[in-house]
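A short worksheet on the structure shown next.
The values are calculated or read from the model by the stated rules, or taken from the named source; none is laboratory data. Bear in mind the structure is a predicted one, so any value in this text is a computation, not a measurement. Positions of Cβ are backbone-derived with ideal geometry, glycine not excepted, and every protein chain shown enters the neighbour counts.
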Amino acid sequence: MKEKSIFILVIFVPVLEPFIYLWKLKVMHSTQLYAWRALWDKIATKQNLHKRGVVFRDTLCVLCGREEESTSHILITCNVSKAVWNMCDNWLRVNFMHHSVLTNHFEEFPCLFFNKEANSLWKRLWVLVLWFIWKHRNNVIFNQTKMDAKEILTMAQIQYWAWMKHKVRKVNFSFFWLDPISLYLH
Ligand SMILES: [Zn+2]
């Protein structure tokens with residue numbers, strides 16, 4: 001019995017790590033809850049709704065129309081979301097390995113060599129980018145409005161800036177936009 005418990009612990013602790021990490025982040029509760037549900041693959045994508053018996057004409061992604069709308073597709077591997085993450089890389093000036101599994105994507109964003117505080121700050125950015133990609137997807141469906149990748153990222157950046165301005169001391173506006181990583185290198 002004891003051995004079984006240890007086995008279960010060994011199997012599940014590494015898997016639960018990103019969830020625990022996410023829950024410790026101090027971000028707007030609604031975005032955190034959304035990211036939490038996305039990591040558990042519980043958001044209302046066409047694929048997930050279809051599994052629950054909702055009937056659609058097709059389950060294709062509403063952004064590209066080429067692949068099935070799964071959680072990982074709509075948030076990271078779709079051409080639109082991929083373009084947002086690539087622009088985010090350019091902004092941060094990092095070459096981030098984009099995993100196609102959402103939990104891995106979260107864990108490795110953006111770089112592990114930054115200090116703990118910096119990592120924690122950039123994980124908040126990850127949550128916001130994810131949130132705005134999903135908001136964009138919903139706007140396409142329900143409001144027939146479209147934004148490009150740059151506009152989606154800008155929404156996340158503005159929200160992130162507003163959060164940092166209130167929560168983090170001594171954040172220089174120019175550095176934030178032009179060289180955000182430099183804020184955390186010293
Ligand atoms: Zn797509």
List pairs: first residue in the stretch 57-79 and within 16 Å of K135 (Cβ to Cβ) and among the charged types (D, E, K, R), second residue in a loop (DSSP other than H, G, I, E, B) and more than 6 Å from the ligand (Cβ to nearest atom) anywhere in the structure, Cβ distance under 7 angstrom, at least six positions apart or on different chains. E69/T45; E69/T59; E69/V62
Hey, among the residues in the stretch 85-101 that are under 17 Å from A38 (Cα atoms) and surrounded by 14 or more Cβ atoms within 10 Å (Cβ to Cβ), which one's farthest from the ligand (Cβ to nearest atom)? H99
Tell me yes or no: at least one residue of the stretch 86-105 is basic (K, R) and at negative phi. no
Quick check, is V168 modelled with pLDDT under 80 and in contact with a Cys (Cβ under 8 Å, 6 or more places away or on another chain)? no
Across (1) at pLDDT 75 or above; (2) of a type in the set (F, W, Y); (3) in a loop (DSSP other than H, G, I, E, B), F114 clears everything bar (1)
Residues of the stretch 62-84 being near the ligand (Cβ under 8 Å from one of its atoms) and of a type in the set (K, R), which ones? R66
Could you tell me how many of the residues in the stretch 34-48 are within 16 Å of the ligand (Cβ to nearest atom) and assigned to a helix (DSSP H, G or I)? 4
Quick one: would you say T59 is modelled with pLDDT under 95, away from the ligand (no atom under 16 Å from the Cβ) and not aliphatic (A, V, I, L, M)? no
